[in-house]
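The values are calculated or read from the model by the stated rules, or taken from the named source; none is laboratory data. Since this is a predicted model, take the numbers as computed values, not measurements. Neighbour counts are summed over all protein chains in view; Cβ atoms, including those assigned to glycine, are modelled from backbone coordinates with ideal geometry.
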Amino acid sequence: MVYTNFEDDIQGVHDVTAVYQSPTMDLAQYRKKIELYIKDHQDQLTIQKLKRNKPITQADLDVLDGLLLDASGMSDVEAYRHQILQEKPLGAFIRQLVGLDLNAAKEAFSSFLDDGIYNAEQINFVNQVIDHLVHNGVLEMAQIFEPPFTDYHGESAYGFFDEGKVVELFGVIRKVNANANVVADEPMMA
């Protein structure tokens, strides 16, 4: 038989909650907390709207913003917006993290594709745009003129489509990007 007689010595009590609210905490850790929260709460209504390319309202964003601020553990709202969101609109920030649902992306481009007869290269280009949106959530117009969109033709969309179709295609991309931001309130009718 073995008998033990351990005695714990308390050397002090330290409050560690201040560490999580300290401005010196690594901002990457705050951002990681937010990203994990978003990925774990993809069933939240506003996140679902963003992922499915549905219009959002300011009220949707206000609710989500409050949840994310609480999840971050930061007490300074301005620091949260500057450091976590990095001055991006909240909707675009979320969309970039969760991407765009594949079916929503295909639906957004369905009328464009239904309006014409396209060859394999043209369809491949549109699928490349859809794939980018699925993985990155938004597509800045300048990115269309950079690789991988210029890999098959140096003129990007202009190498595959005529001017009218390019304008139409860019319009679809702008609309998808716009759904990551607040819908402007329509003027009330008197």
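Somewhere in segment 67-84, is a residue modelled with pLDDT under 85, assigned to a loop (DSSP other than H, G, I, E, B), under 13 Å from the mean Cα position of the chain (by Cα) and not assigned by TED's automatic domain parsing to the domain that holds residue 135? Looking for residues that are modelled with pLDDT under 85, assigned to a loop (DSSP other than H, G, I, E, B), under 13 Å from the mean Cα position of the chain (by Cα) and not assigned by TED's automatic domain parsing to the domain that holds residue 135, one finds none in segment 67-84, hence no.
If you filter segment 1-56 down to residues that are among the charged types (D, E, K, R) and part of a loop (DSSP other than H, G, I, E, B), you find that the one that is modelled with the lowest pLDDT is 15.
Among residues of segment 27-52 that are among the aromatic types (Phe, Trp, Tyr), those with a Cβ under 9 angstrom from a residue that is not in a helix (DSSP H, G or I), sequence gap 6+ or separate chain, pair up as 30/73; 30/74.
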